[in-house]
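Peer 1: Take a look at the following structure, please.
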Amino acid sequence: MDLEMLIEYWRREESVAKIKGWDFSYIEDRHAEIGELPWDYKTVIKEHLQEDMRLLDIDTGGGEFLLSLEHPLSNIAATENYPPNVELCRNTLIPLGIDFKQADGGGELPFEDGAFDMVIDRHGDFNPKEIYRVLKKGGLFITQQVGAYNDRELVELLLGDVPLPFPEQLLNSVKAAFENAGFEVLQAAEHFRPMRFYDVGAIVWFARIIEWEFPSFSVDSHLHGLLKAQAIIEKQGYVETKTHRFIFAARKK
């Protein structure tokens, strides 16, 4: 494929970069995370979750993970603030009887004090003081988060040395914030693992979707970085970056 055709292909990938819920299946055959996390987020939740518990999922996306827990629907509440996902949740979660409300995970939660036995949050924003408020005494908060250094090698390849989008997303910072809010830390661990892209078109799609990590990215404005990525793939078969994840669980004192 000559350069002009290659660039046109990347522009097509850019034009179709949309996502429903949190579904990356569009590029599943063109990228892969290597290895497994040393924990399983669902298993950690299930170890503590009982059927009679009132559960809140903050920043639920499209509710896919929440529904996979198979918790009694009458004991579930969820929030989401990304407009396409809000519409999706209203169409899928509310008819099931789930108490869904539009809300920013980092702001005020539209629920009463002490309303929940457990609050969970997978890769979403959170407010320790609000989580403390809506939990019952002894209630649990369990989260898996994307760390501050996520995809950093790929960001620097395409954009150069831009600032971290969420520098506070570090495990020690989160631990301190929750301890200050009145929580006892139960579990805290982090992990980096390789992620490989086998096609620059997949990189383009990914960078447009994860716009907070790749600010102002476009094919035309960052062509130099894409050409470097193409040269790496032609030489070794893939571009490698690292995902940064941490898991954190705490109990309200």
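No lab work stands behind these numbers, since they all come straight from the coordinates. Nothing here was measured: the structure is a model prediction, and the numbers come from that model. Glycine gets a Cβ as well: all are built from the backbone with ideal geometry, and neighbour counts include every protein chain shown.
Peer 1: Taking only DSSP H segments of four or more residues, each worth -39500 (n - 2.57), what value at 222 nm results for the chain once the sum is divided by all its residues, to the nearest 500 deg cm²/dmol? It would help to have the intermediate numbers written out before the result.
Peer 2: Numbers: 9 runs with 86 residues, N = 253.
Estimated from H runs of four or more residues: -10000 deg cm²/dmol.
Peer 1: While we're looking at this one, here's another question. For segment 14-118, what class follows from the C-alpha gyration tensor (a ≥ b ≥ c being the square roots of its eigenvalues): rounded when a/c is under 1.5, otherwise prolate if a/b is larger than b/c, else oblate?
Peer 2: On the way: a/c = 2.07, a/b = 1.31, b/c = 1.58.
Judged from the Cα gyration tensor, segment 14-118 comes out oblate (a/c at least 1.5, b/c at or above a/b).
Peer 1: While we're looking at this one, here's another question. In whole Hz, with x marking every Gly and Pro, tabulate ³J(HN,Hα) for segment 131-147 from phi via Karplus 6.51 cos²θ - 1.76 cosθ + 1.60, θ = phi - 60°.
Peer 2: Each residue of segment 131-147 in turn: 5, 4, 5, 7, 7, 6, 4, x, x, 10, 10, 10, 9, 10, 10, 7, x Hz.
Peer 1: Turning to a different aspect of this structure: Provide the gained length on full extension for the span R90 to D2, in nm with one decimal, where the gain is 0.36 nm per separating residue minus the Cα-Cα distance.
Peer 2: On the way: separation 88, 0.36 × 88 = 31.68 nm, distance 4.58 nm.
Contour length minus Cα-Cα distance gives 27.1 nm.
Peer 1: When the Karplus curve 6.51 cos²θ - 1.76 cosθ + 1.60 is applied with θ = phi - 60°, which whole-Hz ³J(HN,Hα) does each residue of segment 194-206 get, with x for Gly and Pro?
Peer 2: Working through the residues one at a time gives x, 10, 10, 10, 9, 8, 5, x, 5, 4, 4, 4, 4 Hz.
Peer 1: What do you get for the angle between helix 223-236 and the principal long axis of the chain? Use alpha-carbon atoms, 0 to 90 degrees, nearest ten.
Peer 2: Between helix and principal axis, roughly 80 degrees.
Peer 1: To continue, here is another question. Check which residues have an amide H placed less than 5 Å from A78's amide H, if you skip close sequence neighbours.
Peer 2: D57, D99, F100, K101
Peer 1: Note the full-extension length gain between L223 and Y9 as 0.36 nm times their separation in residues minus their Cα-Cα distance, in nm to one decimal.
Peer 2: Working: separation 214, 0.36 × 214 = 77.04 nm, distance 1.26 nm.
Roughly 75.8 nm would be gained on extension.
Peer 1: Counting only residues 5 or more places away or on other chains, whose amide H sits under 5 Å from the amide H of M195 once H atoms are built in the peptide plane?
Peer 2: Counting only residues 5 or more places away or on other chains, the set is I34, T241, K242, T243.
Peer 1: Something else about it: Under 8 Å for C-alpha pairs, at least 6 residues apart: give me the relative contact order for segment 3-252, rounded to a whole percent.
Peer 2: Details: 446 pairs, mean separation 60.7, N = 250.
RCO, segment 3-252: 24 percent.
Peer 1: Which one of K129, K235, K42 has the biggest mean-square fluctuation once the chain is modelled by GNM with Cα springs under 10 Å?
Peer 2: In this elastic network of the chain, the residue with the biggest mean-square fluctuation among K129, K235, K42 is K235.
Peer 1: Okay, next question. Could you tell me the center-to-center distance, by alpha carbons, between segment 101-147 and segment 1-47 in angstrom?
Peer 2: Cα centres, segment 101-147 to segment 1-47: 28 Å.
Peer 1: Still on this structure: Run the quick spin-label model on K42 and D104: label points 7 Å from Cα toward the beta carbon, then report their separation in nm to one decimal.
Peer 2: The two pseudo-label positions are separated by 3.2 nm.
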